[in-house]
Amino acid sequence: MRTAYISHPDCREHDTGEGHPENARRLSAIEDRLAASGLADVLRHVEAPLVTDAELLRVHTRHHLDTVSAAIPAQGYRRLDPDTVVCPHSLAAARRAAGAVVAAVDLVAGGSMDSVFCGVRPPGHHAEADRAMGFCLFNNVAAGAAHALAEHGLDRVAIVDFDVHQGNGTEDIFADDDRVLFCSTFQHPFYPFTPLPGNTVNRVNVPLDASAASAEFRAAVSDHWLPALDNFRPQMVFVSAGFDAHREDPLAELNLDESDYTWVSHQAMEIARRFAGGRLVSTLEGGYNLSALGRSVVAHLRVLAGIDPG
Ligand SMILES: [Zn+2]
């Protein structure tokens, strides 16, 4: 399997201030584990380009782009909401993060890579068409999915989101777009506390109780995501890969571990193989215990790279 890791040094320059869980040490933790595991040697390393305005405007309003740009301080920090902090380098980081997913789509659509993991920050799945929130400035996975539809002639793409928080931004952006199937599991009730829309053939939200662990998570995926994905037949599979449902994560209560991330990665890869020529693009969302995050990304990438045979 040809698997790429896309990132950029700018993503480490997004400084959220002392004590913020979404910080540059997350990328160090991931890249240290990839190196120590030997996995870094089998991945193709690609630098993320800056996303263009036109690519962002497929999923965000002009007002949102202007609001984020205007909020960037010349020095120090500024808060866009109680959790979402920007510094002078945040716009470049956010443009690299969204640019990574767009570039990943070009790599897998063009056939030079089978799968790509975007090791980027800030994360994206809480960013709505017209609003930054929950550590997210631009919706990275949405920018990639919209690019696949607009530029690569695809009619159906799926986004699977196993972050512990519901992907309200992705939900908002593709609310009226039946070319996108959005499958999500998340702790509920929990942040972002937005109302859950009813499920449709294109929207498969599976809330999990705070006590849920492996069995409940795997049942949610097997009973709800997989039938919808089989029915939808996506031509490209996107993963909003948040690892904050791990039992060691400090921000949430779910009790998953690396074996669950291995398992769900195999499920996503199998869907990609069956319907999408194996084309899969994954991007980092949450995950705030540094050790658990590094181990979980290694588990995920071992499956993408075909090293874990399942
Ligand atoms: Zn999260």
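Side notes on the structure shown:
- Taken as a whole, segment 236-245 holds at least one residue that is within 14 Å of the ligand (Cβ to nearest atom), closer than 30 Å to residue 71 by Cβ and of a type in the set (Asp, Glu).
- Among all positions in segment 96-106, there is at least one residue which is in contact with a Phe, Trp or Tyr (Cβ under 9 Å, 6 or more places away or on another chain), within 16 Å of the ligand (Cβ to nearest atom) and open to solvent by less than 50 Å² (accessible area, probe 1.4 Å).
- Residue that is farthest from residue 298 (Cα to Cα), among those in segment 243-272 that are open to solvent by less than 20 Å² (accessible area, probe 1.4 Å) and among the acidic types (Asp, Glu): 249
- Of the set (1) crowded, with 22+ Cβ neighbours inside 10 Å; (2) at pLDDT below 95, all apply to residue 240 but (2).
- Any hit, segment 4-21, residues being closer than 29 Å to residue 157 by Cα and part of a loop (DSSP other than H, G, I, E, B): yes
For (1) open to solvent by less than 40 Å² (accessible area, probe 1.4 Å); (2) within 19 Å of residue 176 (Cβ to Cβ), each residue gets a yes or a no:
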{"site": "44", "(1), (2)": "no, no"}
{"site": "65", "(1), (2)": "yes, no"}
{"site": "68", "(1), (2)": "yes, no"}
{"site": "83", "(1), (2)": "no, no"}
{"site": "86", "(1), (2)": "yes, no"}
{"site": "128", "(1), (2)": "yes, yes"}
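- Exactly one residue out of 281, 297, 303 is within 16 Å of the ligand (Cβ to nearest atom), within 26 Å of residue 230 (Cα to Cα) and buried (at least 21 other Cβ atoms within 10 Å of the Cβ): that is 297.
- Restricting attention to segment 107-126, the residues that are assigned to a helix (DSSP H, G or I) and either in contact with a helix residue (DSSP H, G or I) (Cβ under 6 Å, 6 or more places away or on another chain) or open to solvent by 10 Å² or more (accessible area, probe 1.4 Å) (or both) total 2.
- Flag if residue 101 is part of a helix (DSSP H, G or I), within 22 Å of residue 238 (Cβ to Cβ) and within 17 Å of the chain's Cα centre (by Cα): yes
- Leading residue by the ranking (nearest to residue 128 (Cα to Cα)) among those in segment 155-198 that are open to solvent by 20 Å² or more (accessible area, probe 1.4 Å) and touching a helix residue (DSSP H, G or I) at 6+ places or on another chain (Cβ under 8 Å): 173
- Evaluation of residue 216 against (1) open to solvent by 20 Å² or more (accessible area, probe 1.4 Å); (2) within 16 Å of the ligand (Cβ to nearest atom) (one fails), failing number: (2)
- Test result for residue 144, within 16 Å of the ligand (Cβ to nearest atom) and buried (at least 24 other Cβ atoms within 10 Å of the Cβ): no
The values are calculated or read from the model by the stated rules, or taken from the named source; none is laboratory data. Because the structure is a prediction, the values reported are computed rather than measured. Neighbour counts run over all protein chains shown; Cβ positions are idealised from the backbone, glycine included. The accessibility values were calculated without ligands, DNA or RNA, using every heavy atom of the protein model including side chains. Shrake-Rupley method; radii C 1.70, N 1.55, O 1.52, S 1.80 Å.
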